[in-house]
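Participant: The structure under discussion is supplied below as C-alpha cells; questions concerning it will follow.
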Amino acid sequence: MTNTKKQLMKGCEAIAEAAIQAGCRYFFGYPITPQNDIPEYMAAQMPKVGGTYLQAESEVAAINMVYGAAGAGARVMTSSSSPGISLKSEGISYVAGAELPCFIVNMMRGGPGLGSIQASQGDYFQATKGGGHGDYKMVVYAPSSVQEAVDLVQEAFDVADTYRIPVMMLADGIIGQMMEPVEFTKKSEGRKLPEKTWAATGWDREKSTRERAVINSLYIEHEELQELNDRLQARYKEIQEKEVKVELYNTEGAEYILCAYGTVARICKSAIALAAKKGIKVGLVRPITVWPFPTKQVHDAIAQKSVKGALVVEISAGQMLEDIKIAVNGEKPVDFLGKPGSIVPTAEEILNKIIELGR
Amino acid sequence: METVFKKTPVLTDAVMHYCPGCGHGIVHRLVAEAIDELGVANKAIAVVPVGCAVFAYRYFNIDSMEAAHGRAPAVATGIKRVNPDNVVFTYQGDGDLASIGTAEIVHAAHRGEKITTIFINNAIYGMTGGQMAPTTLVGQKTTTSPYGRDKEHCGSPIRIAEMLATIEGSAYIERVAVNSPGNIIKAKKAIKKAFETQLAGKGFSLVEVLSNCPTNWGMSPAESMKWLEENMIPYYPLGVKKEV
C-alpha cells in the first residue's frame with residue numbers, strides 16, 4: 001500500500017501501515033481496547049512483507065520481546081492502551097537503561113484503574129515524567145490528526161535509532177478510532193542513522209571486528225551507573241535542543257493563548273473561530289512533542305505584551321498544565337479547563353471559559 | 001606433557017563471584033562446553049536472569065543480554081524471532097523462572113519457541129539472602145519460612161519439569177543434578193541434547209538442574225550435596241520428562 005492517493009483509514013490502522021512503511025518488521029503486542037486495530041492490522045500485514053507479528057501472553061512479555069528484538073538490532077514496536085502501558089513501564093525502563101531503540105504507541109483511555117475505554121489524556125505524566133523507575137526519558141509525540149500521526153511514525157523510528165532510546169506516540173483513543181483521509185507520502189527526514197554495531201547477533205571471538213555485545217542495564221558499581229546516567233542526560237539535553245516540535249496557531253498579538261495537544265487542540269481551534277466572531281483574538285500553542293517540551297515557545301507565546309492570560313485544556317485533571325506553568329514562570333495568569341476520566345470539552349465550553357477569564 | 005583437560009574458551013577468564021561450593025560454576029562450565037563442542041559459540045546468545053546468575057554475561061564468552069526478573073524467555077523470544085539462526089538460551093534460577101516468570105516460561109514452551117532454558121533449582125532465593133522459593137521443600141527453613149515451609153500456608157513445591165512436559169510445544173525436558181561426578185556427566189549430556197533439540201528446530205527445550213546453595217542452606221559444600229541427594233532428588237525425580 002505505497003500509493004500516494006488519499007484513502008480513508010482508521011487512526012490505529014494508519015499508524016500500523018506507516019510503521020510497516022518505515023521499515024518496522026517486528027510487532028509484539030497484547031489485546032486491549034481502544035488500540036486493537038493496530039495488532040489486528042499487523043497480524044494481517046506483517047506476513048505479507050516478511051515481518052513477524054506475535055501476540056504475547058501479556059503486555060509485560062510483549063515489551064520484553066521488544067527488548068530482545070531491539071537488542072538483536074531489529075526495528076521493532078509495540079502498542080497498548082493506558083493500563084497496558086502501566087504494565088509495560090518496567091520494561092520501558094529496562095529498554096531505556098540498556099540504550100535500545102524502539103517505538104511504543106499508547107492510545108490513551110480513561111483512568112485510573114480499569115477506567116473506561118473512551119479517550120483520555122490522563123497518561124501525560126506517565127509518558128513525559130517517567131512511568132517506570134529511574135531517570136530516563138522517552139521522546140513523546142502527540143499527534144492531533146490521523147495524517148499527523150502517520151507523518152510522525154517514520155520520524156519516531158529514526159529518532160529512536162539516532163539516540164538509542166524508546167520513543168512513544170501518545171494519542172488519545174479518538175485519534176486511534178476515528179477515520180480520516182490520509183496519504184503516505186512522508187519520507188525520512190534524511191537522518192544518517194548510526195550502524196547498530198552494539199547489537200547481539202552472534203560473536204566470533206576470532207573473526208568479529210566488534211566487541212562482544214552485552215545488552216544490559218545493570219551497573220553495580222556506582223561510578224559506572226553514574227557514567228550511564230551522565231551519558232543518558234547528555235543525550236536528553238541534545239534531544240531538547242534539536243527535536244522539539246510545536247505548532248503555533250494564531251498566537252501573534254493574541255489576547256488569550258490556549259494550550260492543548262492531541263484531539264483537544266482541534267477543539268481549541270473551533271473555539272478560536274467562535275471567539276473571533278465575538279471579536280476576541282485567541283491563539284493556540286500545540287506541543288507536538290510533549291517531551292522534549294517546547295518550553296521556550298510556550299513562554300514566548302504567552303509572555304507577549306498583548307496576552308492577558310493562558311488557558312490549558314486537557315482531558316485530565318491538569319497534567320500538561322504543570323509544564324505550561326513552569327514555562328510561563330508566573331509572568332501571566334494560567335487557568336485550566338478539563339476533567340479527568342473521559343469527558344471531552346466542547347468548543348462552546350472553551351469559549352465560555354475564555355469569556356469568563358476576560359471578566 | 002599431554003593436556004587432558006582445559007577450560008573452554010566459551011568461558012571468559014573473569015573470576016566468578018559465586019560462593020565457595022556453589023553449583024552455578026559447574027553448570028556454567030557444562031553449558032559453555034556444550035556450546036563449544038557443538039561449534040555454535042559464534043551464533044549463541046545468552047539471556048541471563050536476575051538472581052545469583054545476574055552477572056553470567058561476564059562469564060559466558062558470547063553475545064549476551066541481561067533480562068528483567070523472570071522475563072528472560074520473552075527476551076529470548078524477541079531475539080530468536082529476529083535471528084532464527086542464533087542459538088538462544090536463557091539461564092534462570094527458581095525465583096526468576098518458577099515464581100515471577102511463570103507466565104513467560106509457560107508461554108515460551110506453549111508457543112514451541114525454539115529456545116533452550118537452563119533452569120537452576122536450588123530450592124531457595126540465593127542473591128537476596130535465602131528467602132523461600134516456590135521450589136523450597138516442605139519443612140525447609142529459609143529466612144521467610146523460619147519455622148519450615150508449611151504447605152497449608154504456602155503450598156507445596158512446584159515441579160517445573162513435569163509441568164512443562166505436559167505442554168504441547170515443549171520438545172525436550174529433562175531434570176538432572178550436579179551433586180556427583182556421575183550426575184554431572186549426565187547433566188552435560190542433557191544440556192547438549194537440549195541445544196541439539198533447538199538446532200533441529202523441534203521446539204522448546206529445558207533442562208532443570210538440581211543444584212545446591214551451601215551459604216543459604218547453612219551447610220558445608222559436602223553437606224549440601226548430601227542434603228540435595230537425600231531431600232531434593234526424592235521430591236524432584238531425575239530423568240527425561242519429555243522427548244519428541
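Participant: Quick check on my filter: what residues within the range A:243-274 are under 25 Å from residue A:154 (Cα atoms), open to solvent by 20 Å² or more (accessible area, probe 1.4 Å) and not basic (Lys, Arg)?
Facilitator: Start the filter on the range A:243-274 by keeping residues that are under 25 Å from residue A:154 (Cα atoms), which leaves A:243-249, A:260-266.
Adding the requirement that they be open to solvent by 20 Å² or more (accessible area, probe 1.4 Å) leaves A:244-249, A:266.
Once the filter is applied, which keeps residues that are under 25 Å from residue A:154 (Cα atoms), open to solvent by 20 Å² or more (accessible area, probe 1.4 Å) and not basic (Lys, Arg), the range A:243-274 yields A:244, A:246, A:247, A:248, A:249.
Participant: So which residues in the range A:301-320 are touching a helix residue (DSSP H, G or I) at 6+ places or on another chain (Cβ under 9 Å) and either touching a residue at least 60 places away in the same chain (Cβ under 8 Å) or surrounded by fewer than 19 Cβ atoms within 10 Å (Cβ to Cβ) (or both)?
Facilitator: A:303, A:308, A:309, A:314, A:315, A:316, A:319, A:320
Participant: If you scan the range B:24-64, which residues turn out to be part of a helix (DSSP H, G or I) and at the interface with another protein chain (Cβ under 9 Å from one of its Cβ atoms)? Before the answer, list the steps.
Facilitator: Keep residues of the range B:24-64 that are part of a helix (DSSP H, G or I), which gives B:24-38, B:41-43, B:52-58.
Within the range B:24-64, B:41, B:42, B:43, B:54, B:55, B:57, B:58 meet the criteria.
Participant: May I pose another question? Those residues that are more than 7 Å from chain B (Cβ to nearest Cβ) and among the aromatic types (Phe, Trp, Tyr), I need them from the range A:198-218; list them, please. I'd like the intermediate steps shown before the answer.
Facilitator: Initially, the range A:198-218 is screened for residues more than 7 Å from chain B (Cβ to nearest Cβ), giving A:198-199, A:206-211.
Correct list: A:198 only.
Participant: Same structure again: Evaluate the following for residue B:15: is it within 9 Å of chain A (Cβ to nearest Cβ) and modelled with pLDDT of 95 or more?
Facilitator: no
Participant: If you don't mind, there's one more thing I want to ask. Give me the residue from the range B:168-193 that is open to solvent by 30 Å² or more (accessible area, probe 1.4 Å) and aliphatic (A, V, I, L, M) and, out of that set, farthest from residue B:234 (Cα to Cα).
Facilitator: B:185
Participant: Residues being in a helix (DSSP H, G or I) and either more than 12 Å from chain B (Cβ to nearest Cβ) or in contact with a Pro (Cβ under 8 Å, 6 or more places away or on another chain) (or both): count how many of those fall in the range A:62-99.
Facilitator: At the first step, the residues of the range A:62-99 found to be in a helix (DSSP H, G or I) are A:62-71, A:82-97.
With the extra rule that they be either more than 12 Å from chain B (Cβ to nearest Cβ) or in contact with a Pro (Cβ under 8 Å, 6 or more places away or on another chain) (or both), the set shrinks to A:70, A:82-86, A:92, A:95-96.
Qualifying residue count for the region: 9.
Participant: Same structure again: Taking the stated definitions as given, is residue B:84 in a loop (DSSP other than H, G, I, E, B) and either of a type in the set (Gly, Ala, Ser) or facing another protein chain (nearest Cβ under 7 Å) (or both)? Quick ask: steps written out before the conclusion?
Facilitator: On the way: in a loop (DSSP other than H, G, I, E, B): yes; either of a type in the set (Gly, Ala, Ser) or facing another protein chain (nearest Cβ under 7 Å) (or both): no.
No: the conditions fail for residue B:84.
Participant: With respect to residue A:277, determine if the residue is assigned by TED's automatic domain parsing to the domain that holds residue A:334, open to solvent by 60 Å² or more (accessible area, probe 1.4 Å) and touching a residue at least 12 places away in the same chain (Cβ under 8 Å). Lay out the reasoning, then the answer.
Facilitator: Working: assigned by TED's automatic domain parsing to the domain that holds residue A:334: yes; open to solvent by 60 Å² or more (accessible area, probe 1.4 Å): yes; touching a residue at least 12 places away in the same chain (Cβ under 8 Å): no.
So residue A:277 does not fit the description; no.
Participant: Report, ordered by the first and then the second residue, all pairs with beta carbons closer than 7 Å, sequence separation of six or more or different chains, a first member in the range B:134-153 that is open to solvent by 50 Å² or more (accessible area, probe 1.4 Å), and a second member that is part of a helix (DSSP H, G or I).
Facilitator: B:138/B:151
Participant: Quick check: anything in the range B:140-159 at pLDDT 95 or above and touching an Asp or Glu at 6+ places or on another chain (Cβ under 8 Å)? Give the steps one after another, and end with the answer.
Facilitator: Taking the range B:140-159 first, the residues at pLDDT 95 or above are B:140-159.
With the extra rule that they be touching an Asp or Glu at 6+ places or on another chain (Cβ under 8 Å), the set shrinks to none.
No.
Participant: With the structure loaded, tell me whether residue B:106 is within 12 Å of another protein chain (Cβ to nearest Cβ), touching a residue at least 24 places away in the same chain (Cβ under 8 Å) and out of contact with any Ser or Thr (no Cβ under 8 Å at 6 or more places or on another chain) or whether it fails that test.
Facilitator: Working: within 12 Å of another protein chain (Cβ to nearest Cβ): yes; touching a residue at least 24 places away in the same chain (Cβ under 8 Å): yes; out of contact with any Ser or Thr (no Cβ under 8 Å at 6 or more places or on another chain): yes.
Yes; evaluated as a whole, the condition is true for this residue.
Participant: For the range A:39-51, give me the residue count where each residue is open to solvent by less than 30 Å² (accessible area, probe 1.4 Å) and within 14 Å of another protein chain (Cβ to nearest Cβ). Can you show your working first?
Facilitator: Step one: filter the range A:39-51 for residues open to solvent by less than 30 Å² (accessible area, probe 1.4 Å), giving A:39, A:41-42, A:46, A:51.
So of that shortlist, the ones also within 14 Å of another protein chain (Cβ to nearest Cβ) come out as A:42, A:46, A:51.
Looking only at that region, the number is 3.
Participant: Which of (1) at negative phi; (2) without any contact (Cβ under 8 Å) to a residue 60 or more places away in the chain; (3) at the interface with chain A (Cβ under 9 Å from one of its Cβ atoms) does residue B:101 not meet, given it meets every other one?
Facilitator: Going through the list (1) at negative phi; (2) without any contact (Cβ under 8 Å) to a residue 60 or more places away in the chain; (3) at the interface with chain A (Cβ under 9 Å from one of its Cβ atoms), residue B:101 breaks only (3).
The values are calculated or read from the model by the stated rules, or taken from the named source; none is laboratory data. Note that the structure is a prediction, hence the values are computed from the model and not measured. Here the Cβ is made from the backbone with ideal geometry for all residues, glycine too, and neighbour counts use every protein chain on show. Quick note on the areas: whole protein, heavy atoms, side chains included, nothing else; ligands and nucleic acids left out. Shrake-Rupley method; radii C 1.70, N 1.55, O 1.52, S 1.80 Å.
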